[in-house]
Structure formats: structure tokens, C-alpha cells
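Participant: Submitted below is the structure of interest, expressed as C-alpha cells.
The values are calculated or read from the model by the stated rules, or taken from the named source; none is laboratory data. Keep in mind it's a predicted model, so treat the numbers as computed, not measured. FYI the Cβ positions are ideal-geometry reconstructions off the backbone, even for glycines, and counts take in every protein chain you see. In case anyone asks, the SASA skips ligands and DNA or RNA and just uses the protein heavy atoms, side chains included. Shrake-Rupley method; radii C 1.70, N 1.55, O 1.52, S 1.80 Å.
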Amino acid sequence: MKRMITDVLGIQYPVLQGGMAWIADAGLAAAVSNAGGAGIISTGGRTTEYTREAIRRAKELTTRPFGVNIMLMAPNKEEIVQVVCEEKPAFVTLGAGNPVPFFAQLHAAGLKVLPVIPNVKLAKRVEAAGADAIVAEGMEGGGHIGVLTTMALMTQVIPEVSLPVVAAGGFADGRGIAAALVMGAAGVQLGTRFLLAAECPVHPNVKQKLIEAVDTDTIVTGYTLNGAVRGLRNPFTEKFVALENEGKTDKETLSLMTRGTNRLAAVDGDTVNGMMQAGQSLLPLKKIESAQVIMDALMRETRETLAAAAAIHI
Ligand SMILES: Cc1cc2nc3c(=O)[nH]c(=O)nc-3n(C[C@H](O)[C@H](O)[C@H](O)COP(=O)(O)O)c2cc1C
């Protein structure tokens, strides 16, 4: 049997809170870690000063392991990696680019390295290069996505690597977590579910839209830009996809239209013109609760589901 992510990271429950640009700060990460999972601070769009401060703040708020997410599209990624190596969170997740060139530096600093991968080819490549575990993220999830679903990824990635595989994309309750563990996942990563944590600093307007949303309320922008992003339907995303489908607007203009839209929604609370990144599993998002209450519910449901599964005979 493969190692569980609890064993790799020294955490209580096999649940990671995914990096969420402009949102996942020291307060949220520490709250999730204190609740027994592993919180992750986002650095996408952030400065090195912000990153250093956030790691130091999280260490004041928790003595438990937490991670930092590094967006490999960021122009300051080298500097961010340097700061992370100096400040030493327990681990990093790296996505949206080639993580391999950073492995040696991160390992030399004593950090665990968990690349986010969207297919088997990349999973094998990062395993060969020495990753400690991987996050396999399916296209049900919020934010930047690949083309495979979480189910198809778990089906194909888990048997192809000996690394622990953390499954991400579409998990919002304990039934899903139990299913992933039974399939051989080492743990799960949730993003959207933690947007409703009381400690999550995403704007209250966005939290309200998430509570009101139903299962079909996400849409994917950026398919024509090689940068697909899943978020809530709203006037901005509907108009953007209509322009993409029409095919008359050039890519540069479309790219410019996306600039600043994550921040506009997450920080300023503009739910009309901003991009509210979110995954497809929206109905379980009913109210704002502390990370501890969310984690306790997730673990209770996971245990109940695993116990019920033991009684299934076929
Ligand atoms: C608002 C939001 C922002 C995100 N930003 C990032 C990011 O900056 N870096 C990253 O690696 N993943 C990012 N993600 C993906 C999450 O880390 C996580 O893998 C994903 O949310 C899992 O799917 P779920 O939303 O269905 O739980 C983001 C997701 C959301 C919802």
C-alpha cells in the first residue's frame, strides 16, 4: 500500500486546503492546519515581502505543518522560491508550469515538494525527478484546470506511479473523500469547500454567491487561450465565453480582459465584472462555518461512508 499523505506531511487528517490566489492567506492556512488538515498559503500575484510575512504569521498561528502554493506562471517565481526556502513551511505545491527545475533547491532547504499535475505523463515526469507526492487535479475543480476529470485521473494516475496521490477537484463532502481513499488516493485537496470557512478572507459577496449557486452554475473560460479556468457564471464569464465562441476577438484582447479579474471578485467583491473561481460541487456549500467545523463534518462523513462501504457485498 502507498504512503498516506498524513504520513508524508505529519498531519492528522488526509485533507489539504488548496492554494487559492488572492484568497488563501496565513489565517486560513493556519485554521485548516489547526483543524488537523494541511493549510496552504497562496503566493500567486503576491510579492516576496507578502510571502515572507504570511509564512511568519502562519507560524505564529499554528505549530502544525502548513504549505505554500507557488504559481509557476508568476514572473517572480524564482524569488518566491528563494523566500520559501528561507522561511521553511513544511511543504510546497507547485502548479501551472514546469516544477522540476525547483526540486533540488526546495529539497535542499528541507521542504516536501508536491507538484499539481493534470495527466499521467506529468505525474511520471515529476515522480522520476523526485517529487514527494503529487496532487492530481481534475477539471471539476475551481481555478486553472486540465482536460481530465478527477475520476479519470484517479483511475489512471494512481496505478501508474508509486508516489502518494492527493486527489483534487470536486470534493466537497466526506462521501467523496471516502471514495477517493478507497480508490487508492493518499488524501484529497479541497478548494471551493474552504471558501466558505469563517477564516477565509474571500469577499462576503462571493461567499453569498457560492451559497446561492446550484450544481450547474460554473463555466470554463479560457479554453481558446490555453489557460482554462473554472468559475461561477456571471455577466463577466458569460460574456467572455460568448466572445471566445464567436471567434472574432484576438487572443491578446481576451487575455487583457482577464487581467485583474480574480482580485476584483475575491478582494473587492465585484461579482458582476470579477472572476469568481469555483469548482462544480456547489450544493454542499450551505453556510459559513469555521475550518474546524468543516473538517469535523468532513471526517465524520468519511468515517460513516467507509463503515457503510464495509457492509457492501457483491
Ligand atoms: C478561488 C480559487 C483559486 C485557486 N487558485 C489556485 C492557485 O493560485 N494555485 C493553485 O495551484 N490552485 C488554485 N486553485 C485550485 C485549488 O488549489 C484546488 O486544487 C481546487 O480548488 C480543488 O477543486 P475544488 O475547487 O472542487 O475543491 C484555486 C481554486 C479556487 C476555487
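Participant: When the chain is treated as a GNM, springs tying every alpha-carbon pair under 10 Å, which of Ala213, Ala54, Ala108 comes out with the largest mean-square fluctuation?
Facilitator: The residue with the greatest mean-square fluctuation here is Ala108.
Participant: While we're on this one: Under a cut-off of 29 Å between alpha-carbon atoms, report the lysines in cross-link reach of Lys2, not counting same-chain residues fewer than 8 places apart.
Facilitator: Lys2 reaches Lys88, Lys112, Lys121, Lys124.
Participant: Could I ask something else about it? Percent of accessible area on the stretch 204-266 owned by carbon and sulfur, 1.4 Å probe?
Facilitator: Answer for the stretch 204-266: carbon and sulfur cover 50 percent of the accessible area.
Participant: Based on Cβ point charges of +1 for Lys and Arg and -1 for Asp and Glu, what charge dipole magnitude is obtained for the stretch 71-126 about its Cα centre, in debye rounded to the nearest 20?
Facilitator: The dipole magnitude comes to about 380 debye.
Participant: Let me know the Kirkwood hydrodynamic radius for the chain, please, with Cα pairs as the basis and the value in Å to one decimal.
Facilitator: About 19.4 Å for the chain.
Participant: Something else: Could you give the dipole magnitude of the chain about its Cα centre, charging the beta-carbon of Lys and Arg +1 and that of Asp and Glu -1, in debye to the nearest 20?
Facilitator: Rounded to the nearest 20 debye, it is 320 debye.
Participant: I would also like to ask the following. Can you pull the percent of the stretch 1-160's accessible area that's carbon plus sulfur, 1.4 Å probe, other chains left in place?
Facilitator: Carbon and sulfur together cover 55 percent of it.
Participant: Please check: in the Gaussian network model of the chain (C-alpha springs, under 10 Å), which one of Asp215, Asp270, Asp173 has the largest mean-square fluctuation.
Facilitator: Looking only at Asp215, Asp270, Asp173, the biggest GNM fluctuation is shown by Asp215.
Participant: Would you work out the charge dipole size for the stretch 204-266 about its Cα centre, treating the Cβ of every Lys and Arg as +1 and the Cβ of every Asp and Glu as -1, and quote it to the nearest 20 debye?
Facilitator: The dipole of the stretch 204-266 has a size of about 240 debye.
Participant: In whole Å, what is the distance between the alpha-carbon centres of the stretch 108-185 and the stretch 236-264?
Facilitator: Centre-to-centre distance over Cα atoms comes out at 29 Å.
Participant: Given a 10 angstrom Cα cut-off, can you work out which residue in Lys251, Lys77, Lys207 is the most mobile in a GNM of the chain?
Facilitator: Sorting by GNM fluctuation, first place goes to Lys251.
Participant: For the stretch 88-185, place one equal point scatterer on every Cα, skip the solvent, and apply the Debye formula. What is log10 of I(q)/I(0) at q = 0.11, 0.15, 0.21, 0.22 Å⁻¹?
Facilitator: Values returned for q = 0.11, 0.15, 0.21, 0.22 Å⁻¹ are -0.30, -0.56, -1.03, -1.11.
Participant: So, for the stretch 12-82, what is the accessible surface per residue at a probe of 1.4 Å, expressed in square angstrom?
Facilitator: Dividing the accessible area of the stretch 12-82 by its residue count gives 37 Å².
Participant: Here's something else I'd like to know. So what's the net charge close to Asp296: Lys and Arg +1, Asp and Glu -1, counting the other residues with Cβ under 15 Å from its Cβ?
Facilitator: -1
Participant: Just how many pairs of Lys in the stretch 202-314 have C-alpha atoms closer than 17 Å, counting pairs that are eight or more places apart or on different chains?
Facilitator: Counting lysine pairs in the stretch 202-314 gives 6.
Participant: Oh, and also: Show that you can apply the helix-only estimate: for the chain, add -39,500 (n - 2.57) for every DSSP H stretch of four or more residues, divide by all residues, and state [θ] at 222 nm to the nearest 500.
Facilitator: -12000 deg cm²/dmol
Participant: Quote the Stokes-Einstein diffusion coefficient, in whole µm² s⁻¹, for the stretch 204-266, based on the Kirkwood radius over alpha carbon pairs, a temperature of 10 °C and a viscosity of 1.306 mPa s.
Facilitator: 128 µm²/s
Participant: Keeping every protein chain present and rolling a 1.4 Å probe, give me the accessible area per residue for the stretch 204-266 in Å².
Facilitator: Counting only protein heavy atoms, the per-residue value for the stretch 204-266 is 56 Å².
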